[in-house]
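Just so it is clear, none of the values below were taken in a lab; they were calculated from the coordinates. The structure displayed is predicted, hence computed values, not measured ones. Cβ sites come from the backbone with ideal geometry, for glycine too, and all protein chains shown count toward neighbours.
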């Protein structure tokens, strides 16, 4: 298991907010703040999101999904974790 998956698991267990910086498919950098495990606004049905992605509730945009290979930085519990993006 890699460090990014370990960090995702730790964040999910904590229920705390975190920030993630990543590169969108169009090449733009994006920064989101959110939390895993929010189900308040789910309408039912079957999720079409990939379980390998970081699927969470963003404070500004609602539910978001981020590809792990696009993540460059995660801020959690007052610590900054940097990751090299895979090309």
To test your reading of the geometry: what angle, between 0 and 90 degrees and rounded to tens, separates the Cα axis of helix 3-14 from the longest principal axis of the chain? 40
Determine, for 4, 59, the number of other Cβ atoms within 10 Å of each Cβ, and report the residues in order from fewest to most. 59, 4
Tell me, what is the percent relative contact order of the chain, built from C-alpha pairs under 8 Å that lie six or more residues apart? 28
What spacing in nm lies between the two simple spin-label points modelled at residue 19 and residue 72, each 7 Å away from Cα in the Cβ direction? 1.4
Footprinting exposure proxy for 69, 29 (fewest neighbouring C-beta atoms within 10 Å first): 29, 69
Binned at 10 Å from zero, the C-alpha pair distances of the chain give percents of 16, 54, 27, 3
Would you compute, from DSSP H runs of 4+ residues alone, the mean residue ellipticity of the chain at 222 nm, taking -39500 (n - 2.57) per run and dividing by the full residue count, rounded to the nearest 500? -4500 deg cm²/dmol
